[in-house]
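Quick notes on the structure that follows.
We did not get these values from a lab; they are worked out from the coordinates using the rules stated. Worth saying up front: this structure is predicted, and the values here are computed from it rather than measured. A quick note on method: Cβ atoms are made from the backbone with ideal geometry, for glycine too, and the neighbour counts reach across all protein chains shown.
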Amino acid sequence: MSAAPAPRALVVPAPGKVNLFLHVTGRRADGYHTLESLFVPIDWADIVTVEARADGAIVRAQPLPGVTEDDDLALRAAHALRAAAHSTQGVTVAVDKRLPMGAGLGGGSSDAASVLLALNRLWGLALPRRELAVIGGHLGADVPFFLGDGPAIARGIGEALTPVSLPALWLVIVVPDVAVGTAAIFAAPELTRSTPSAKIDVFSEGYGRNDLEDVASARFAPVARAIAALKRASPAARMTGSGACAFAAFAHEDAAHAAARRLPQGLAFRIVRTLARHPLATFA
């Protein structure tokens, strides 16, 4: 019996994430920051399409506003995978951006991870996930998380991941009309870089904080306003990632909707649910 033919195109999700907490525990000699954070995927996702090309080119289907091809993580992922696999195959990559950029939701890193997974199948490479994670780690510290199964505690520079089980949460995510650059936030001289590690893998509800929140709020007034508005609806609200989005977590959907109704009129928000497993957890 002959093997099934390789697909010519694949369409896969690239889910966002929130950091339920994010502590900066130090800074290495090479300039990278060490972290302790709880990453959780959410049911708000970009959609990635990869289509095989016969000419061996790696092509972006459409421009991404404000992002050059050299800086596009989805394209960089395709080039990195092809180089690592010593392949000459080509692809057209299309990303339907549904996650806001510069929002702290990990959209670019997730796009890169989903490209790696999709091309691994499209090109018939059959590389194990651990090898994809190594490739992804060179693209960005968050990429290996999106190649995992689901929620995880990240340590080191984000590459040391410990899977955890969490109850489903409903999140109100406020989306300020501003994009926040991660590098600028981590470079801020006033950033706290000495939060002690908890050295445990079980955390109480509402544990911790986001050490980047004060820096982002001071530099971006829309971020400060979003956090303040959401805190009035839920005192446990905090920023995710390096910003710009803020979120509040609830055990029940009706509580999330009730909190959203208390937000100021005109403030952009979305209600999402956390995921127990990444939608591509079994994709091979």
- Rounded tilt (10° steps) of 73-85 against the dominant C-alpha axis of the chain: 40 degrees
- Table column - 3J(HN,Hα) (Hz), the stretch 26-34, Karplus curve with 6.51, -1.76, 1.60, x for Gly and Pro: x, 9, 7, 4, 7, x, 6, 8, 9
- Note on the structure: Rounded to whole angstrom, the alpha-carbon centroid of the stretch 205-258 lies from that of the stretch 129-151 at a distance of 26 Å
- Task: Tabulate in residue order the Karplus-calculated ³J(HN,Hα) for the stretch 224-238, using 6.51 cos²θ - 1.76 cosθ + 1.60 with θ = phi - 60°, rounded to whole Hz; enter x for Gly and Pro.
- Result: 4, 5, 5, 5, 4, 5, 6, 5, 5, 8, 7, x, 7, 4, 7
- Message: Explain nothing, just compute: Karplus ³J(HN,Hα) = 6.51 cos²θ - 1.76 cosθ + 1.60, θ = phi - 60°, for every residue of the stretch 169-177 in order, whole Hz, x for Gly and Pro.
- Response: 10, 9, 10, 9, 10, 8, 10, x, 7
- Rounded to a whole number, what is D in µm²/s for the chain from Stokes-Einstein with the Kirkwood radius over alpha-carbon pairs (10 °C, 1.306 mPa s)? 82 µm²/s
- Task: Identify which of H252, H138, H86 has the largest mean-square fluctuation in a Gaussian network model of the chain, with springs joining Cα atoms closer than 10 Å.
- Result: H86
- Query: Which semi-axes, in whole Å and largest first, does the equivalent ellipsoid of the stretch 9-163 have when worked out from the alpha carbon gyration tensor as the square roots of 5 times its eigenvalues?
  - Reply: 26, 17, 14
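Efficiency by 1/(1 + (r/R0)^6): what FRET value for H138 and A255, r their Cβ-Cβ distance, R0 = 41 Å, to the nearest 0.05?
Details: r = 41 Å, r/R0 = 1.00.
In this case the efficiency is close to 0.50.
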- Query: With the chain treated as a Gaussian network of Cα nodes joined by springs under 10 Å, which of S194, S234, S37 yields the largest mean-square fluctuation?
  - Reply: S194
- Does anything in the stretch 62-105 have its amide N under 17 Å from the 7 Å Cα→Cβ label point of Y32, and if so which residues? none
- One would report the Cα pair-distance distribution of the stretch 170-273, bin width 5 Å, in %, as 2, 13, 23, 21, 18, 14, 7, 2, 0
- Item | Diffusion constant of the stretch 110-228 at 10 °C, which comes from Stokes-Einstein with the Kirkwood Cα-pair radius and 1.306 mPa s, µm²/s | 94 µm²/s
- Query: Suppose R0 equals 45 Å; then what is the FRET efficiency for D201 and A61 from their Cβ-Cβ distance, rounded to the nearest 0.05?
  - Reply: 0.65
- Query: Which value, in debye to the nearest 20, gives the size of the charge dipole of the chain about its Cα centre, when Lys and Arg are +1 and Asp and Glu are -1 at the Cβ?
  - Reply: 340 debye
- Message: With Kirkwood's inverse mean 1/r over C-alpha pairs for Rh, give me the Rg to Rh ratio of the stretch 59-127, two decimals please.
- Response: 0.97
- Task: As a check on your grasp of the helix formula, calculate [θ] at 222 nm for the chain: sum -39500 (n - 2.57) over DSSP H runs of n ≥ 4, divide by the residue count, round to the nearest 500.
- Result: -8000 deg cm²/dmol
